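Heads up, the thing below is written out as structure tokens.
The values are calculated or read from the model by the stated rules, or taken from the named source; none is laboratory data. Keep in mind the model is a prediction, meaning the values are calculated, not measured. A quick note on method: Cβ atoms are made from the backbone with ideal geometry, for glycine too, and the neighbour counts reach across all protein chains shown.
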Amino acid sequence: MPDSSLAARPALLSRPGLAAAARRPALPIVVAVVLTALLAGGIAWTMTGKTVLLSVDGQQQEVDLRGSTVEDVLAAAGIEAGERDVVVPAVGAEVEDGDRVALRRARQITLVVDGEERQVWVTATSVDEALDQIGLRDGALALSASRSRSLPPEGFRLEVGTPKDVVVVADGVQRPFTTTTATVGEALAAAGIAYDDDDGFSKYPAERVVAGDRLQVARVATAEVTETLGVPFRTENRDDAGLVVGRTKVLQAGQAGSARQVVLQTTVDGAVGTRTLVSLTELAAPVTRIVAVGTKPKPVSAPTSARASAAAPATTSSAPRSSTGGAGSLNWAALAQCESGGNPSAVSSTGKYRGLYQFSYATWAGVGGSGDPAANSAGEQTYRAQLLYNRSGAGQWPSCGPRLFN
């Protein structure tokens, strides 16, 4: 008996749907066509694209692009060059597959050289390279950062001290010194010179150091000094009618006193400068010297014939006399008129010169006079003047002496 399932298969295969299913082996052909098209497109891109080696601040990367210029390379890498950045080759230059492009980013540096600040731009990536670009190539520079320090893209502050030859003078010693510091205070500290605010300076510590400076420190010290002083006594004169004019007598001897003073004393390098009195205290009072001064008129003795003849010229007429002969023959009246206006009691404005012929006390005593010349008679004064002339000549009266010979 035939199998009923097998008998039914021809009918199922004759249906239209089953017939379409039977044609499915055509699908792989379509897929093959699509893959062929895609592969063809990929080959076409590969043939038109480029690979360029891009270096940014020394860091290298490969960049694939379909453009033809350096600008396209940067765009493909997602990089935008600033106006101070350096690009080699130039942005508009053509590139080929396998070419190299270098970009150096510009960095702003706050540069402080010996205390003076300014802004500079560099494309360096290290402190050492930046110094070279700026032109500071001296190996003796003092730097706030090591030469190998990398420069960040956002900027950097760099302090630089250049070597400066100066002369340092302190404590009696003078020596040359080379410093890379910016200020006088820093230079003194580097030279091992300690100082304080009381000291004196040729340049203030906050000022900048300049090559050739003479940096001098004067040691200023201020201290209170206590001293004991002698206080001189004074002299008091008292008129005494019991003593003849010209006589004196010490009634009480003088004695110096003492005092203690405190002085604020300033010294500069050991030498005394200013002294300011702080206090003065009396320790012992001085004792005044008291002197009795005679006021009793001196008795007038009768002049001798020689004195009488000598006194005559002071009161007689001033007629011309001969310059020959002794002192008595000279014109004493003319000399007296010139010296004192003919007044026997005349006293100079200073009190030093007295009488007709303006004797000083010392000269008057030197020719034997006693007491006050102006208190003596005209005859006594003329007599003593003639003695002076016979001893020393008319030069004793520099201005009026020539009148003697009129």
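Total residues in segment 219-250 satisfying the condition of being more than 16 Å from PRO286 (Cα to Cα), hydrophobic (A, V, I, L, M, F, W, C), over 41 Å from the mean Cα position of the chain (by Cα) and part of a strand (DSSP E or B): the figure is 4. Looking across segment 101-117, the residues that are assigned to a strand (DSSP E or B), within 30 Å of VAL63 (Cβ to Cβ) and hydrophobic (A, V, I, L, M, F, W, C) come down to VAL101, ALA102, LEU103, ILE109.
Filter segment 352-390 for residues that are within 60 Å of the chain's Cα centre (by Cα) and closer than 15 Å to GLU339 by Cα and give the result.
Those that are within 60 Å of the chain's Cα centre (by Cα) and closer than 15 Å to GLU339 by Cα: LYS352, TYR353, SER360.
I want to confirm something. Restricting to segment 257-313 and keeping residues that are of a type in the set (D, E, K, R) and in contact with a strand residue (DSSP E or B) (Cβ under 8 Å, 6 or more places away or on another chain), which single residue is modelled with the lowest pLDDT? Result: LYS298. Of the listed requirements (1) within 16 Å of the chain's Cα centre (by Cα); (2) closer than 23 Å to GLU117 by Cβ, ALA140 misses just one: (1).
What residue, among those in segment 127-159 that are more than 16 Å from ALA106 (Cβ to Cβ) and in contact with a helix residue (DSSP H, G or I) (Cβ under 8 Å, 6 or more places away or on another chain), is modelled with the lowest pLDDT? Checked segment 127-159; the qualifying residue modelled with the lowest pLDDT is ARG137. Residues of segment 211-253 that are surrounded by 14 or more Cβ atoms within 10 Å (Cβ to Cβ) and within 9 Å of VAL293 (Cα to Cα): ASP240, LEU243, VAL244, VAL245, GLY246, ARG247. No other residue among VAL168, VAL160 is in contact (Cβ under 8 Å) with a residue 24 or more places away in the chain, over 27 Å from VAL120 (Cα atoms) and not in a loop (DSSP other than H, G, I, E, B) apart from VAL168. Do we have THR382 as β-branched (Val, Ile, Thr), surrounded by fewer than 21 Cβ atoms within 10 Å (Cβ to Cβ) and either out of contact with any strand residue (DSSP E or B) (no Cβ under 9 Å at 6 or more places or on another chain) or on the phi < 0 side of the Ramachandran plot (or both) here? So THR382 fails the test.
With respect to the conditions (1) surrounded by fewer than 13 Cβ atoms within 10 Å (Cβ to Cβ); (2) in the same structural domain as TYR195 (by TED's automatic domain parsing), ARG208 lacks only one, and its number is (1).
Does THR178 satisfy the condition of being closer than 30 Å to GLY212 by Cα and either in contact with a strand residue (DSSP E or B) (Cβ under 8 Å, 6 or more places away or on another chain) or surrounded by fewer than 16 Cβ atoms within 10 Å (Cβ to Cβ) (or both)?
Taking the combined requirement at face value, the residue satisfies it.
Can you spot a residue in segment 369-376 that is buried (at least 16 other Cβ atoms within 10 Å of the Cβ) and farther than 19 Å from THR295 by Cα? Scanning segment 369-376 turns up no residue that is buried (at least 16 other Cβ atoms within 10 Å of the Cβ) and farther than 19 Å from THR295 by Cα. Which residues, counting only those in segment 179-204, are closer than 18 Å to GLU159 by Cβ and free of Cβ contacts under 8 Å to residues at least 24 places away in the same chain? Scanning segment 179-204 gives GLY185, GLU186, ALA189, ALA190.
Out of segment 347-406, which residues are in contact (Cβ under 8 Å) with a residue 60 or more places away in the chain and over 18 Å from ALA333 (Cα atoms)? SER370, GLY371, ASP372, ALA375 - these are the residues of segment 347-406 that are in contact (Cβ under 8 Å) with a residue 60 or more places away in the chain and over 18 Å from ALA333 (Cα atoms).
Restricted to segment 97-135, and to residues there that are of a type in the set (Gly, Ala, Ser) and within 33 Å of the chain's Cα centre (by Cα), the residue that is surrounded by the fewest Cβ atoms within 10 Å (Cβ to Cβ) is GLY135. The combined condition, being closer than 23 Å to VAL210 by Cβ, assigned by TED's automatic domain parsing to the domain that holds ALA194 and small (Gly, Ala, Ser), is fulfilled by ALA170.
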